[in-house]
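Trainee: Submitted below is the structure of interest, expressed as structure tokens.
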Amino acid sequence: MVRLTLIARTRDGLPLAEGLDADKEHEMYSYKSQAKGILKKMAASSSRPPERMSIESGPFTFHYLIDSDVVYLTLAEKAYPKKLAFQYLEELQSEFSRLYGGQIEAVTRPYAFIKFDTFIQKTKKLYLDTRTQRNIAKLNADIAEVHSIMTRNIQDVLGQGERLDRMTEMSNALSQDAKQFAVKAKDLYHQALFRKYLPLIILVAVALFVLIMKLAF
């Protein structure tokens, strides 16, 4: 069963449209974050990402295809047939390109084509039951292309970026701690200096006071 669908521009990860059941959004929050992480990695990559890939994440699998600088990504149960997942994405790609193909480059705001959710929901219903005659026919079609699609794990795809993020956070924290330590060390130095010369300051002050009193009388 298809649980989440996201369409975005590949070069910068700008989300263009999304299909997600509102009543299940809280359940899919972490997977939606992972989906955005996948898009972010694509946009940041210096090399061209594979045009099709499946990425396993716990009990689910992300499937995506890229066409004309647009990535069509969906999340389905791991047991859901890969063939149907990519057939679903191909239908979205065909209709989205027909409707908005000439507008994608000029878009600057996120979810500019959010109305496409209507087509996403309608198409998703056709792929809910893998046992329908329609879907069985698709499964019986040539699957050689599907077997050639690379499958990776979500940790392999996002792990390096997450480690870099953690290292950056640790570096920033250490830098902040070092600054705080420097300030405290400076304060302690001034306090130690004051305590060291306090008796001398008192002695000089008393001597000056006595001298002034003698001169006054």
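Trainee: Of (1) among the acidic types (Asp, Glu); (2) assigned to a loop (DSSP other than H, G, I, E, B); (3) in contact with a helix residue (DSSP H, G or I) (Cβ under 9 Å, 6 or more places away or on another chain), GLU27 satisfies all except one. Which?
Mentor: Unmet for GLU27, out of (1) among the acidic types (Asp, Glu); (2) assigned to a loop (DSSP other than H, G, I, E, B); (3) in contact with a helix residue (DSSP H, G or I) (Cβ under 9 Å, 6 or more places away or on another chain): (3).
Trainee: Of these, GLU27, GLU56, GLU51, which one is among the charged types (D, E, K, R) and touching a Ser or Thr at 6+ places or on another chain (Cβ under 9 Å)?
Mentor: GLU56
Trainee: Scanning segment 87-102 for residues that are of a type in the set (D, E, K, R) and in contact with a helix residue (DSSP H, G or I) (Cβ under 9 Å, 6 or more places away or on another chain), which turns out modelled with the highest pLDDT?
Mentor: Filtering segment 87-102 for residues of a type in the set (D, E, K, R) gives 90-91, 95, 98.
From the residues that got through so far, the ones that are in contact with a helix residue (DSSP H, G or I) (Cβ under 9 Å, 6 or more places away or on another chain) too are 91, 95.
On the way: GLU91: 93, GLU95: 96.
Within segment 87-102, the match that is modelled with the highest pLDDT is GLU95.
The values are calculated or read from the model by the stated rules, or taken from the named source; none is laboratory data. Model, not experiment: these values are computed from the prediction. Every residue, glycine as well, gets a Cβ built from its backbone with ideal geometry; the counts of neighbours run over all protein chains shown.
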